[in-house]
Amino acid sequence: MNPALSVIFFTTLIGVGQGLFLALYCAQLLSLVAVIAAPAPGFYALGSAIALVFLVAGLAASFLHLGHPERAWRAAAMWRTSWLSREVIVLPAFIGTVVLYGAAHYIGGAAAPRGISLALGGIATLLCLTLFVCTGMIYACIRFMQEWASPLTLANYFLLGSASGFTLATAFAFFFAADLWPIFAAIAAALTLFAFVSRAASLHRNARITPKSTLQTAIGVRHPKIVQKAQGAMGGSFNTREFFHGKRPAFARSVKWIFLVLAFPLPLLLLAGGFALASAALLVAAFAVQYAGLLAERWFFFAQANHPQNLYYQAVS
């Protein structure tokens, strides 16, 4: 497939926002059971605002993928059968609930009823997890795209988004919750390790896929040896532009190794260094490097998927 930058930024940005919110609500639950000292209410309000920046930026990026943004509301019409429509409904609901969650802490301050923010956080957490499922299932439900049609797609969206969000939360908590950031650092490292295992498993699986379609099935000819000389057109077409990235195999392989380094081992090393040295710079660098790696990972995720129509549109005359 030909990766669209708007979709790459959409999926990675909302993943960070979702992971950061989960970290905030996790902190509130930990303080409720006295594992940590309760952070100031401003910690949750500011953290929610940062999460909203990523979520709204992701939402804005998604509009760049639309040919007619003014008709975006129609995307929700097929919610009974379309995971994309469900995502279109759940994302604004999640954003709205995060706004209320942050507002409950900001307006009420230390005197805010704990039950209200806990209830709002619980609802937002359910919406957050539902959003992970909707986003992942948009791709996992397409059975003829064999590289995507796997439960690992769902796992990767959840783990990569959560890992990046907790890594950002670690840097954020370093400045505003001194007792909390080491816990966030440990959770971010664990999520990054789990994400590496899950993504490596998907790479291993995809490398061994046997295509269900062949040149013979694509054109209905059973001859054992078929070679395409032309696609019947002198130039490119919608099919060649949208369903194939056009890069050389060496380029795709280099992107794979780039994201494997930037998204997993390097952030772990920076998190470990930031923890050992209590260095804000290393913690911020851990998030920046990991997010850059996730951009490369998402490009590779889309580019690796081989649409069956590419069996026919292999070459330009």
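Summary table below
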read-out	value
Footprinting exposure proxy for ARG222, ARG298 (fewest neighbouring C-beta atoms within 10 Å first)	ARG222, ARG298
Reachable aspartates and glutamates, given that their alpha-carbon falls under 16 Å from the alpha-carbon of LYS212 and they are not under 8 places away in the same chain	GLU147
Computed [θ] at 222 nm, helices only, for the chain once each DSSP H run of length n ≥ 4 contributes -39500 (n - 2.57)	-24000 deg cm²/dmol
Normalised contact order of the chain, rounded percent, pairs of Cα under 8 Å and 6 or more residues apart	23
Relative contact order, percent, the stretch 124-263 [alpha-carbon distance under 8 Å, six or more residues apart]	17
Full-stretch length increase - ASP179, ALA252 - with 0.36 nm per residue and alpha-carbon distance subtracted	22.1 nm
Mean-position separation - Cα centroids, the stretch 78-147 and the stretch 184-230, in angstrom	29
Entry for Cα extents along the principal axes in Å (calculated from the structure that is shown) out of (i) 76, 45, 28; (ii) 96, 54, 35; (iii) 61, 58, 37	(i)
Estimated distance in nm for a label pair at ALA201 and HIS65, the labels positioned 7 Å out from Cα along Cα-to-Cβ	2.5
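Values quoted throughout were computed directly from the atomic coordinates according to the rules given, and no laboratory measurement underlies them. Bear in mind the structure is a predicted one, so any value in this text is a computation, not a measurement. Here the Cβ is made from the backbone with ideal geometry for all residues, glycine too, and neighbour counts use every protein chain on show.
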